[in-house]
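The values are calculated or read from the model by the stated rules, or taken from the named source; none is laboratory data. This structure is a prediction, so every number in the text was calculated from the model and none was measured. When we count neighbours, we look across all protein chains shown, and the Cβ atoms used for this are built from the backbone with ideal geometry, even at glycine.
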Amino acid sequence: CTISELRLILGTNNTVVVDGVSHELTTPSGQTSGYKVKMDSQQLIAGGVYYLVLDFNTQKSVHVTGNGKYMLKPVVSGCMETSIGSIAGTISPIEGAYYVEATNATDTSGTYINQTNGQFLIPAVMPGIYQVKFVQNAGHLEKIVPGVVVIVGQTTQMGTIPIE
């Protein structure tokens with residue numbers, strides 16, 4: 001048999017905290033019909049043990065509506081653990097909050113950088129060649145590193161990236 005998608009049913013009472021204030025998140029159809037997560041079709045063998053990775057992109061999933069309310073429109077990607085790699089490194093110096101994003105023609109993955117030590121790990125990255133962008137929270141692009149190669153089952157170490 002194969003797996004090509006999962007259906008997630010979201011729980012109730014979802015909230016987001018902004019500037020110390022908790023706001024209710026509305027989720028269109030998330031609690032009733034659920035949310036479909038597309039997977040790369042994988043052949044499964046009966047009785048086998050498989051590990052799935054679900055990457056929930058909070059930055060792209062929470063939206064502010066025109067009337068100031070918050071809506072959850074989940075952006076989730078899924079894949080088998082055996083078909084992915086990851087990207088790791090450190091930025092220096094650490095001045096404010098940073099987001100790091102790896103993009104190529106078909107995939108985008110990202111994470112926030114640890115503000116204490118400057119380290120980051122972008123997990124669940126499909127194999128390929130990526131452009132890695134370092135962006136301050138204010139949206140100011142600080143640096144782009146092209147040609148970062150991701151290989152299945154490996155963590156690509158970028159080392160220390162100087163941010164000027």
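Brief remarks on what is shown
- Qualifying positions in the range 69-85 - surrounded by 18 or more Cβ atoms within 10 Å (Cβ to Cβ) and modelled with pLDDT of 90 or more: 85
- Hits in the range 117-141 (condition: modelled with pLDDT under 90 and either surrounded by fewer than 16 Cβ atoms within 10 Å (Cβ to Cβ) or of a type in the set (Gly, Ala, Ser) (or both)): 123, 124, 136, 137, 138, 139, 140, 141
- Only residues that are surrounded by fewer than 17 Cβ atoms within 10 Å (Cβ to Cβ) and in contact with a Phe, Trp or Tyr (Cβ under 7 Å, 6 or more places away or on another chain) were counted in the range 143-162, giving 1.
- Residue selected from the range 86-100 under the condition farther than 27 Å from residue 22 by Cβ and among the hydroxyl-bearing types (Ser, Thr, Tyr), by the criterion surrounded by the most Cβ atoms within 10 Å (Cβ to Cβ): 86
- Each residue in the range 5-18 was checked for being closer than 14 Å to residue 79 by Cα and surrounded by 10 or more Cβ atoms within 10 Å (Cβ to Cβ), and 2 pass.
- Condition met for residue 151 (aliphatic (A, V, I, L, M), touching a Gly at 6+ places or on another chain (Cβ under 9 Å) and in contact (Cβ under 8 Å) with a residue 60 or more places away in the chain): yes
One line per residue, one yes/no per condition, for (1) within 17 Å of the chain's Cα centre (by Cα); (2) over 29 Å from residue 13 (Cα atoms):
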site	(1), (2)
51	no, no
58	yes, no
71	no, no
76	yes, no
93	no, yes
142	no, yes
158	no, yes
